[in-house]
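First, the structure itself, so that you have it in front of you.
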Amino acid sequence: MVQKAKILLVDDRPENLLALEAILSALDQHLVRASSGEEALKALLTEDFAVILLDVQMPGMDGFETAAHIKRRERTRDIPIIFLTAINHGPHHTFRGYAAGAVDYISKPFDPWVLRAKVSVFVELYMKNLQLREQAGLLRLQLEGAQKGNGDGAAQTGLLAELSARLAAAEEQAEALSKQLSGASAESAVVATAAHLERKLTGLRKAIDALEPGSRPDAE
């Protein structure tokens with residue numbers, strides 16, 4: 001079963017949430033609604049999200065204040081936030097959005113294709129990170145078995161082969177994503193996240209190679 005990412009949509013107007021769902025439904029991910037900043041923060045207490053689409057103008061807790069709360073929490077501080085606003089803003093207003101921790105700031109009405117493309121990049125990065133964590137967990141199991149010295153040699157070899165195959169698939173997808181980003185006008189935050197993911201994959205590949213039978217540590 002293919003795992004799906006969750007995307008949090010925050011807007012006090014039901015018609016805006018409906019429009020966002022129509023635009024993003026083609027991504028085939030889980031779309032979660034929140035009609036206020038308070039409701040969004042509540043959802044973030046228990047759920048993991050790939051990206052947050054956050055309206056700026058909301059009664060009570062506005063988008064800037066909601067983003068500030070999100071960035072203060074250790075659990076949620078790294079979730080990308082895309083601000084959506086109908087305000088006729090100038091450079092100062094845009095700067096306030098980025099200062100609040102947003103990775104992008106989009107004015108309404110926006111191009112549905114552009115918004116969908118931006119969200120899809122963050123979903124891809126999120127899924128690659130999930131794969132990386134899974135492979136790191138398998139690697140930890142392999143290391144624990146090797147340290148105890150009581151693991152079955154054939155089983156360990158099979159686990160290494162499975163790890164290597166999964167990692168190769170993740171490496172191929174990360175490379176394709178990096179090429180896609182290099183050929184587009186992607187935000188620096190997105191490019192930096194993709195580069196960080198590739199560095200993690202490289203480190204994991206070295207660790208797996210070091211566990212292969214007959215391998216020798218690289219000389220310093």
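The values are calculated or read from the model by the stated rules, or taken from the named source; none is laboratory data. A quick note: this is a predicted structure, and the numbers were derived from the prediction, not measured. Virtual Cβ from ideal backbone geometry, glycine too; neighbours counted across all protein chains shown.
What's the number of the only condition in (1) over 20 Å from Ser25 (Cα atoms); (2) modelled with pLDDT of 85 or more that Thr94 fails to meet?
Single failed check for Thr94: (2).
Pull out all pairs, ordered by first then second residue, where Cβ-Cβ is under 6 Å, the residues are six or more apart or on different chains, the first lies in the stretch 48-68 and is touching a residue at least 12 places away in the same chain (Cβ under 8 Å), and the second is of a type in the set (S, T, N, Q).
Close Cβ pairs satisfying both conditions: Val56/Thr85.
Something else: If you check Lys4 against the conditions, is it in a loop (DSSP other than H, G, I, E, B) and either assigned by TED's automatic domain parsing to the domain that holds Tyr126 or not β-branched (Val, Ile, Thr) (or both)?
It is true that Lys4 is in a loop (DSSP other than H, G, I, E, B) and either assigned by TED's automatic domain parsing to the domain that holds Tyr126 or not β-branched (Val, Ile, Thr) (or both).
Given the criterion in a helix (DSSP H, G or I) and crowded, with 17+ Cβ neighbours inside 10 Å, identify the matching residue among Leu20, Leu53.
Leu20
For the stretch 107-128, how many residues are at pLDDT below 90, surrounded by fewer than 18 Cβ atoms within 10 Å (Cβ to Cβ) and farther than 13 Å from Leu20 by Cβ?
Here the count works out to 1.
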